[in-house]
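The values are calculated or read from the model by the stated rules, or taken from the named source; none is laboratory data. Here the structure is a predicted model, which is why all the values come from computation and not from measurement. FYI the Cβ positions are ideal-geometry reconstructions off the backbone, even for glycines, and counts take in every protein chain you see.
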Amino acid sequence: MEVSWETSVTDSINTIYLLFSAYLVFVMQLGFAMLCAGSVRAKNAMNIMLTNVVDAVVGSISYYLFGFAFAFGDGSNSNPFIGTQFFALKNIPSSSYDYSFFLYQWAFAIAVAGITSGSIAERTQFSAYLVFSFFLTGFVYPIVAHWVWSSSGWLSPSSSDLLFGSGAIDFAGSGVVHLVGGIAGLWGSLIEGPRVGRFDAFGKPVSLRGHNATLVVLGTFLLWFGWFGFNPGSFDKILVSYPDTTDQGNWTGVGRTAVTTTLAGSTAGLVTLFGRRLLVGHWDALDVCNGLLGGFVAITSGCSVVEPWAAIVCGFVAAWVLIGLNMLALKLKFDDPLEATQLHGGCGAWGLIFTGLFAKEEFVVQAYDSGESGVTRPYGFLLGGGWGLVGAQVVEVLVIVGWVSVTMGPLFYALHKLRILRISTEEEIAGLDISSHGGYAYTAHAEDTGPRFYGEYMRMQAQS
């Protein structure tokens with residue numbers, strides 16, 4: 001079949017844009033690594049860096065072998081609840097997707113395991129990371145991605161049979177990526193229990209602050225940079241013209257999506273800065289970083305379909321969701337070293353509900369129908385769009401929580417029963433770097449504190 005010059009140029013530009021967005025999303029792995037490394041104690045820095053690398057490399061193989069097939073397989077046995085198994089193994093693009101699309105979706109998939117890793121940091125056996133990372137990336141996350149992002153998914157806003165006449169709008173993954181990772185981390189943290197020393201004998205929290213605020217800030221800015229691929233990049237084909245014009249298409253929403261992302265994150269960071277100042281009495285850079293990320297997580301669902309002013313509302317509420325959940329976590333003696341459950345789970349759920357309340361009809365049509373004239377869709381409830389969209393958003397929250405709970409909960413429990421989930425108390429006190437990885441990440445740390453930690457570790461080993 002002959003392809004016109006205009007079509008060839010359009011396809012080339014779309015491919016370049018999608019690949020560049022994939023590279024930006026992949027940079028977020030470096031952001032996660034820096035954020036996690038700075039947020040843990042120095043004696044566990046080597047371990048957390050290794051787990052971030054493992055999340056990427058194990059997730060790559062798992063997603064290639066199984067994950068992409070479950071998420072976007074479109075063979076004869078494809079259905080709304082699960083894609084075609086082993087589609088990706090054929091190594092041949094389908095009629096709908098190509099290699100650049102695979103790479104972009106892969107970058108999303110490996111981010112999920114990184115979120116969960118933060119929740120169980122500083123107390124988990126390395127072998128457990130290998131197991132849950134493979135399972136989460138290859139089987140758990142892809143099913144949710146199929147529900148929402150595949151054209152045959154039962155929650156998809158692009159389906160031929162729209163749930164509540166709308167489908168769930170989760171443009172870049174507040175639910176598909178962040179809520180999935182957050183709920184998986186919730187079960188891992190609950191089953192493992194808090195770190196040694198996190199709560200004293202009276203149940204009061206004890207601060208176990210990370211060792212390097214510089215790395216946390218560096219990681220936050222890298223994640224911010226990567227989010228410009230995460231959200232605007234989710235316009236898979238930007239050069240899609242409107243049916244009645246020659247100069248507009250999905251690309252008109254790309255800039256707005258970047259702006260709403262920036263405004264939501266910035267608002268959440270600012271509110272967290274002043275909110276925490278009122279609560280604890282001092283300015284804290286680490287709290288601001290987490291608040292900023294909470295705003296990004298929340299806007300990820302509706303970034304393409306809301307006005308900039310609504311993004312500010314999103315970020316404002318996201319900050320208080322994060323602050324409130326952190327306070328609740330302390331009361332319940334729940335220990336998540338990176339606040340990943342509260343940040344990605346809580347703010348991700350809020351982002352889905354926010355979209356159901358504030359999505360603008362014009363932007364929904366633009367994002368999902370290429371701006372076609374005469375199309376009507378359910379939109380934000382608070383803007384007069386009825387219950388269809390917000391109902392679909394609530395359903396997405398509930399089914400993600402349910403699906404991840406019935407898959408990852410039993411997996412973590414099985415690892416716990418097999419005694420391959422949590423390290424021993426002695427190893428935890430000594431630090432994972434010396435007990436599992438042969439040495440500390442920092443030479444100065446090994447010289448100053450290594451002998452003391454190692455001595456304590458060896459004495460406990462002898463006593464046991």
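A few comments on the model shown:
- Selection over the stretch 285-320 of residues that are under 13 Å from THR267 (Cα atoms), within 20 Å of the chain's Cα centre (by Cα) and free of Cβ contacts under 8 Å to residues at least 40 places away in the same chain gives a count of 3.
- Options TRP224, TRP154, TRP187; residue that is in the same structural domain as ILE110 (by TED's automatic domain parsing) and over 30 Å from ALA359 (Cβ atoms): TRP187
- For the stretch 411-425, the criterion of being farther than 30 Å from VAL131 by Cβ and in the same structural domain as SER133 (by TED's automatic domain parsing) is satisfied by no residue at all.
- For GLY193, the test of being of a type in the set (Gly, Ala, Ser), surrounded by fewer than 16 Cβ atoms within 10 Å (Cβ to Cβ), modelled with pLDDT of 90 or more and more than 17 Å from the chain's Cα centre (by Cα) is passed.
- In the stretch 271-320, of all residues being part of a helix (DSSP H, G or I) and aromatic (Phe, Trp, Tyr), the one that is surrounded by the fewest Cβ atoms within 10 Å (Cβ to Cβ) corresponds to TRP309.
- ILE183, sole failed condition from (1) surrounded by 22 or more Cβ atoms within 10 Å (Cβ to Cβ); (2) aliphatic (A, V, I, L, M); (3) at pLDDT below 95: (3)
- Residues that are over 15 Å from VAL404 (Cα atoms), in contact with a helix residue (DSSP H, G or I) (Cβ under 8 Å, 6 or more places away or on another chain), of a type outside the set (Ser, Thr, Tyr) and crowded, with 22+ Cβ neighbours inside 10 Å are absent from the stretch 129-143 altogether.
- Residue check for PHE358: over 19 Å from ALA145 (Cα atoms) and out of contact with any helix residue (DSSP H, G or I) (no Cβ under 6 Å at 6 or more places or on another chain): no
- Entry remark, the stretch 414-433: residues being part of a helix (DSSP H, G or I) and surrounded by fewer than 21 Cβ atoms within 10 Å (Cβ to Cβ) number 8 in total.
- Residue among GLY59, GLY31 that alone is over 16 Å from SER436 (Cα atoms), assigned by TED's automatic domain parsing to the domain that holds LEU292 and crowded, with 24+ Cβ neighbours inside 10 Å: GLY59
- Criterion (at pLDDT 95 or above and not charged (D, E, K, R)) met by exactly one of LEU292, LEU279, LEU286, LEU208: LEU292
- Among residues of the stretch 380-413, those that are more than 27 Å from GLY185 (Cβ to Cβ), buried (at least 18 other Cβ atoms within 10 Å of the Cβ) and without any contact (Cβ under 8 Å) to a residue 40 or more places away in the chain, counted: 2
- Look at (1) small (Gly, Ala, Ser); (2) surrounded by 18 or more Cβ atoms within 10 Å (Cβ to Cβ); (3) modelled with pLDDT under 95 and you find that SER370 fails only one, number (2).
- Residue that is modelled with pLDDT of 95 or more and farther than 13 Å from GLY294 by Cβ, where the choices are LEU343, LEU357, LEU325: LEU357
- Restricting TYR379, TYR457 to those that are at pLDDT below 95, assigned to a helix (DSSP H, G or I) and among the hydroxyl-bearing types (Ser, Thr, Tyr) reduces the list to TYR457.
- Filtered residues of the stretch 246-269 (kept if free of Cβ contacts under 8 Å to residues at least 40 places away in the same chain and aliphatic (A, V, I, L, M)): VAL254, ALA258
- Scanning the stretch 150-180 for residues that are among the hydrophobic types (A, V, I, L, M, F, W, C) and surrounded by fewer than 24 Cβ atoms within 10 Å (Cβ to Cβ) returns TRP154, LEU162, LEU163, PHE164.
- Hey, LEU330 at pLDDT below 95, part of a helix (DSSP H, G or I) and among the hydrophobic types (A, V, I, L, M, F, W, C) or not: yes
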